1. One residue is enough: does the range 373-382 have a residue meeting the conditions out of contact with any strand residue (DSSP E or B) (no Cβ under 7 Å at 6 or more places or on another chain), of a type outside the set (Ser, Thr, Tyr) and crowded, with 18+ Cβ neighbours inside 10 Å?
2. Suppose we filter 103, 133, 151 for residues that are surrounded by 14 or more Cβ atoms within 10 Å (Cβ to Cβ) and not in a strand (DSSP E or B); which single one remains?
3. Within the range 109-130, count every residue that is of a type in the set (Gly, Ala, Ser) and under 27 Å from residue 144 (Cβ atoms).
4. Mind checking which residues of the range 332-352 are within 34 Å of the chain's Cα centre (by Cα) and surrounded by fewer than 19 Cβ atoms within 10 Å (Cβ to Cβ)?
5. If you go through the range 155-201 one residue at a time, how many are assigned to a loop (DSSP other than H, G, I, E, B) and either of a type outside the set (Gly, Ala, Ser) or in contact with a helix residue (DSSP H, G or I) (Cβ under 7 Å, 6 or more places away or on another chain) (or both)?
6. Any idea how many residues of the range 252-280 are over 21 Å from residue 325 (Cα atoms) and either outside the structural domain of residue 308 (by TED's automatic domain parsing) or among the polar types (S, T, N, Q) (or both)?
7. For residue 315, indicate whether it is touching a strand residue (DSSP E or B) at 6+ places or on another chain (Cβ under 8 Å), in the same structural domain as residue 234 (by TED's automatic domain parsing) and buried (at least 22 other Cβ atoms within 10 Å of the Cβ).
Amino acid sequence: MRRSVMIVAGATAPFVALALGLSVAGCPLVAFPDAVVEPVDDAGIDVAIDAPEPDCVEAIDCDDHNPCTTDSCTGGVCASTLAPAGTGCADADLCNGAEACNALGQCVSGPPVILDDGDPCTTDTCDAATGMATHTKQMACAWSSTSTAGAPAPRQRHTAVWTGSKMIVWGGSVAGSPSVTATGGLYDPTTDTWTPMSSINAPPPRHSHRAVWTGSKMIVWGGFGATTYESTGGIYDPTTDTWATMSTVGAPAGRNEHAMVWTDKLLVVSGGFNGAALASGASYDPATDTWAALPSAGAAGPRLSHTAIWTGSRAIFWGGSDLGDWHKDGLELTPGAPGVWTASTDLVGAPGPREGHTALWTGSQMLIWGGWNGGPYLDDGGAFDPAADADGTWSSITTTGAPSPRTEHTAVWTSSAMMVWGGCGGDACVNVLGDGGVWTPGASGGAWKPVAAVAALTARQRHTAVWTGAEVILWGGKAKSGITDTGARFAP
């Protein structure tokens, strides 16, 4: 007999089943199919089914932030391709190593830039933009003392020249009697060693003479000897350690405080002092061992403690004193036998008159700095461009940040800047100085950087300085404690 059973949906279904005497547990579970959704009559209108959203529109939408993949967008779908191994993937800092992609598409760093140069006297830094390391000398460490083992005896008012590999020191005023010397030595900065010079055929002892380097030999001339002003000189060959004498026929009268310059072929001497200010001069040709008097036509009047530089075509003599007044003018000499005095230097914008200053040739300009003109010592100067017009033109050297006023100092051109050091200042030059400055040309008078006094180099005056191409070597002179045989090297 069949029974008809009505299944009641919802929460009351179990109770209905019990009321009917059915076992709920015994009833098989029947899965009812999902309801079928009948299509809606669109009355003839087609309804579009929504398409999926595209992954991308352009390649930038596919950027996976991995520099070792090439990301692209094709048909709205992103794709990434591994860059070849070795492809650069550098970040903004090139100092942390050169990054490159590996075969797995990973950006891997290479070895970082080595900063430490092993020199405890440098501050080592790296430019993140270029990956270039720089090593800046610390001021306290920029100085190193020169050896005194085998050095010439202590002296002042001596001369020094640079040969290209060694510094030659000769002559000067020494302690004891006689108070002048004809000795010298060669200093090799590579080995920090001194070698004595031969004195055979050397000129008589003297101080306050002048010396030039010809490119192969040193020529010394003039100065004050044991009892008189010297009109003699000598030519020293460091390769053979030998001296050759110079003819005195036609030579200028003995003198000191003269200006002397080498013109590539001739030695030119002008002015000086031998009890009076001198206007005379002469040129010496070492190839023929002969002297020729400088022309008197167009020559400047008597002067001493002036300076001379060689431009490559002309010698420029500037400043000085005639014992009655100080000068701020100069003359140019085209050398020869006897040579020709040409245009005088422009006075417009020129530094004030002075003596005991320093003069340098930069390759395009003559630099004048420091000195004295009867009043306080000077801390200013000027740059003279002889090629600017017929008389040349002057531009100023700023006094902002300049070393204190002084004379009996030294100055060298370092290929890009002028370094001034030492000397004396104050009242009657009683303040012996152990500091200086480095001046770099530029707009508005250039700029000074101080060179502080250091224990490695005693303050001094009447010393010498040479530029090696890499550093300044200062040597000798008069310190507060007396004349000295010490020196130091400095990389500005």
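The values are calculated or read from the model by the stated rules, or taken from the named source; none is laboratory data. All values derive from a computational prediction rather than experimental measurement. Virtual Cβ from ideal backbone geometry, glycine too; neighbours counted across all protein chains shown.
1. Checked against the condition, which is being out of contact with any strand residue (DSSP E or B) (no Cβ under 7 Å at 6 or more places or on another chain), of a type outside the set (Ser, Thr, Tyr) and crowded, with 18+ Cβ neighbours inside 10 Å, the range 373-382 yields at least one hit.
2. None of the other options fit; the residue is 151.
3. Summing the residues that are of a type in the set (Gly, Ala, Ser) and under 27 Å from residue 144 (Cβ atoms) in the range 109-130 gives 1.
4. Selection gives 334, 343, 344, 347, 348, 349, 352.
5. Narrowing the range 155-201 to residues assigned to a loop (DSSP other than H, G, I, E, B): 157-158, 163-166, 171-172, 174-179, 182-183, 189-192, 197-201.
Still in the running and either of a type outside the set (Gly, Ala, Ser) or in contact with a helix residue (DSSP H, G or I) (Cβ under 7 Å, 6 or more places away or on another chain) (or both): 157-158, 163, 166, 174, 178, 183, 189-192, 197, 200-201.
Going through the range 155-201 one residue at a time, the tally reaches 14.
6. Residues of the range 252-280 that are over 21 Å from residue 325 (Cα atoms), as a first pass: 252-254, 260-269.
Now drop any that are not either outside the structural domain of residue 308 (by TED's automatic domain parsing) or among the polar types (S, T, N, Q) (or both), which leaves 263.
Looking only at that region, the number is 1.
7. When the stated conditions are applied, residue 315 passes them.
Per-residue answers, yes or no, for (1) closer than 21 Å to residue 173 by Cβ; (2) crowded, with 21+ Cβ neighbours inside 10 Å; (3) not aliphatic (A, V, I, L, M):
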position: 222; (1), (2), (3): yes, yes, yes
position: 239; (1), (2), (3): no, no, yes
position: 244; (1), (2), (3): no, no, no
position: 253; (1), (2), (3): no, no, no
position: 257; (1), (2), (3): yes, yes, yes
position: 263; (1), (2), (3): no, yes, yes
